[in-house]
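Reviewing the structure listed below.
The values are calculated or read from the model by the stated rules, or taken from the named source; none is laboratory data. A quick note: this is a predicted structure, and the numbers were derived from the prediction, not measured. Because the Cβ atoms are built from the backbone with ideal geometry, glycine has one as well, and the counts that use them run over all protein chains shown.
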Amino acid sequence: MVKSGRTAAGARAATSHTGALSGTDRATDALIRQTGVIRAQTIDDMMALLLAFSRCPLPKGRRVAVLTNAGGPAIMATDALIGHGLELAPISDRTRRRLKERLPAEASVSNPVDMIASADTESFRSCVRILLEAEETDMAIVAFVPPLMVDPMEVMRAVTEEKNRFDKPVLMVLMAEEQYYERIPREIRDCPPIYRYPETAALAAAQMANHATWVAREEGAVPEVKADRDAARAILEKESAAGEYLDPDAAFRLLQAYGFPVTPWRRVRNAEEAVAAADELGYPAVLKVGGRRIVHKSDVGGVLLDLKTPLEMEGAFGKISRAVKALGHDAETEGFLVQPMARPGREVIVGLNTDPVVGPVILFGMGGKYVEVFEDVALRVPPLTDADAREMVESIRGFPLLHGVRGDEGVALDVVHDALHRLSALITDFPQIAELDLNPFLLSPRPAECRIVDVRIRTAR
Ligand code: ADP
Ligand code: MG
């Protein structure tokens, strides 16, 4: 698929809506990947992919053999293959020996295999055969720059006959006189796909391998989520006004009804209540402004962490009240939340957005204050299968930080998977939820210590 309207400006031309669609390309990308559609960035690329998919079997793996009579194009192909996440097939000693028997001493029999310019039709034939016979290869790219003494038609016939004997994709890079690009497919009906440039062949190889992975993937199942749906319905009916943020107290209760691991909280209205709540929940404690109007609390000095005594809690109350009043809000009606200080952990975000075209989209990524800076997120369209949830967590760049690097213990990933499934169930049950952020979700190696400390939910009509 090639999709037009990737940018805000392009989207405006495509629909009568305003620029609201600017974020839609990533949601579309998530949807089409999840459904196994192969996305081409340009029409040119789409044609290149059509050629490969229509003329080749799918590869069984990602190991590519590159064979050439000219070093440059083969190295270009190699760079592009690696760039797309494919592997150069590790040529075995046996295959090396077999290639050596057929080639002059100056040739290179490691991958890419460079037969050098003296290669003739028989060299192409025997080396293609040896490489396709080898267990260590899943597909081959043959880069051919015809020298004066070699007839391109003969070489193409030989390569075609050899590739027809095997069930592995063979892609041809041909850098030849113009006439051959028409003549070969006309005269050799079952020829391999022919590309003018190595990068195009590499792209096609990569997308075939990706598609083979998708086809073979574990489909997974959507786990059943136990939740108090009646309680959730009551909260949404009573406490949500379309287009507005839910009161944080109501938002936390909604999460609780769906079994999310939220940190304990108390809503308080004055300093005495704040101190009593902290006494009950335990120190160190956190005080934050709790109204529905202040969306980014720490931006306005509305979050104070690590309060160790009742005295510090009282002081914090005064400070946040003044900050809220300075913004022109009534601190009393906004309300406050007291929480125990959660253990430091790795901060991730689990969220939900409604895309104008795709609909609800679930997001996972590295979270905390810098989420917009790193933009390290994965998107998927609900309902999520267990395979989806695992894959989405593993696909972000920061995954090694969660899995554990440099001696760090990994975090309890099951807790994240579970939260993703709960969110998937929540949006399926209550599509009026338009936007939801759990940020941060503090993750630690011990499941019982993983806690959601902040939530934001907005509903739509
Ligand atoms: P906002 O995102 O509206 O600014 P948060 O409630 O997310 O407010 O608080 C800001 C930051 O303070 C969080 O990203 C987190 O690092 C930290 N924080 C908030 N609540 C707690 C808590 N209960 N325990 C530990 N850290 C917290
Ligand atoms: Mg937050």
#### Entry: Scan of region 432-461 for residues that are away from ligand 2 (no atom under 16 Å from the Cβ) and out of contact with any helix residue (DSSP H, G or I) (no Cβ under 8 Å at 6 or more places or on another chain), ordered by number
ALA434, SER444, PRO445, ARG446, ALA448, GLU449, ALA460, ARG461
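Give the residues of region 409-441 that are touching a Cys at 6+ places or on another chain (Cβ under 9 Å) and over 16 Å from LEU363 (Cα atoms), sorted by residue number. Working first, answer last.
From region 409-441, those touching a Cys at 6+ places or on another chain (Cβ under 9 Å) are 411-412, 415-416, 419, 441; that's our starting set.
VAL411, ALA412 - these are the residues of region 409-441 that are touching a Cys at 6+ places or on another chain (Cβ under 9 Å) and over 16 Å from LEU363 (Cα atoms).
Here is a yes/no grid of residues against (1) in contact with an Asp or Glu (Cβ under 6 Å, 6 or more places away or on another chain); (2) closer than 22 Å to THR28 by Cβ; (3) of a type outside the set (Lys, Arg); (4) modelled with pLDDT of 90 or more:
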position	(1), (2), (3), (4)
GLY345	no, no, yes, yes
VAL348	no, no, yes, yes
THR354	no, yes, yes, no
PRO360	no, yes, yes, yes
GLY365	yes, yes, yes, yes
LYS369	no, no, no, no
GLU372	no, yes, yes, no
## Note on the structure
Residue set PRO261, PRO185, PRO193; condition in contact with a Cys (Cβ under 7 Å, 6 or more places away or on another chain) and free of Cβ contacts under 8 Å to residues at least 24 places away in the same chain; output residue PRO185
### Task
Kindly indicate whether any position in region 103-112 is crowded, with 18+ Cβ neighbours inside 10 Å, within 19 Å of ARG196 (Cβ to Cβ) and touching a Ser or Thr at 6+ places or on another chain (Cβ under 8 Å).
yes
### Query
In this structure, is VAL159 in a strand (DSSP E or B) and on the phi < 0 side of the Ramachandran plot?
no
### Summary
Sole miss for LEU305 among (1) at pLDDT 95 or above; (2) crowded, with 21+ Cβ neighbours inside 10 Å; (3) within 16 Å of ligand 2 (Cβ to nearest atom) is condition (2)
### Query
Does PHE252 qualify as being within 16 Å of ligand 2 (Cβ to nearest atom), part of a loop (DSSP other than H, G, I, E, B), surrounded by 18 or more Cβ atoms within 10 Å (Cβ to Cβ) and within 40 Å of the chain's Cα centre (by Cα)?
no
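Select from region 267-302 the residues that are buried (at least 19 other Cβ atoms within 10 Å of the Cβ) and outside any loop (DSSP other than H, G, I, E, B) and list them in ascending order.
The first filter runs over region 267-302 and keeps only residues buried (at least 19 other Cβ atoms within 10 Å of the Cβ), leaving 268, 274-275, 277-278, 285-292, 294, 297, 302.
Correct list: VAL268, ALA274, VAL275, ALA277, ALA278, ALA285, VAL286, LEU287, LYS288, VAL289.
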### Query
How many of the residues in region 53-71 are buried (at least 17 other Cβ atoms within 10 Å of the Cβ) and over 25 Å from the mean Cα position of the chain (by Cα)?
8
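Whether any residue in region 47-57 is more than 17 Å from VAL173 (Cα to Cα), at pLDDT 90 or above and either assigned to a loop (DSSP other than H, G, I, E, B) or aromatic (Phe, Trp, Tyr) (or both) is what I want to check. Spell out how you get there, then give the answer.
Step one: filter region 47-57 for residues more than 17 Å from VAL173 (Cα to Cα), giving 57.
Now drop any that are not at pLDDT 90 or above, which leaves 57.
Restricting the remaining residues to those that are either assigned to a loop (DSSP other than H, G, I, E, B) or aromatic (Phe, Trp, Tyr) (or both) gives 57.
Checking region 47-57: at least one residue is more than 17 Å from VAL173 (Cα to Cα), at pLDDT 90 or above and either assigned to a loop (DSSP other than H, G, I, E, B) or aromatic (Phe, Trp, Tyr) (or both).
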### Task
Return only the number of the condition from (1) part of a helix (DSSP H, G or I); (2) within 16 Å of ligand 1 (Cβ to nearest atom); (3) surrounded by fewer than 16 Cβ atoms within 10 Å (Cβ to Cβ) that LYS369 does not satisfy.
(1)
### Task
For PRO383, state whether it is touching a residue at least 60 places away in the same chain (Cβ under 8 Å) and exposed (fewer than 15 other Cβ atoms within 10 Å of the Cβ).
no
### Query
When the residues of region 362-379 are filtered to those that are touching a strand residue (DSSP E or B) at 6+ places or on another chain (Cβ under 6 Å) and within 13 Å of ligand 2 (Cβ to nearest atom), which remaining residue is farthest from GLN34 (Cα to Cα)?
GLY368
### Task
Output yes when any residue across region 326-339 is touching a strand residue (DSSP E or B) at 6+ places or on another chain (Cβ under 6 Å), among the small types (Gly, Ala, Ser) and within 13 Å of ligand 1 (Cβ to nearest atom), and no when none is.
no
### Query
Of the residues in region 340-351, how many are in a strand (DSSP E or B) and either more than 14 Å from LEU436 (Cβ to Cβ) or more than 15 Å from ligand 2 (Cβ to nearest atom) (or both)?
4
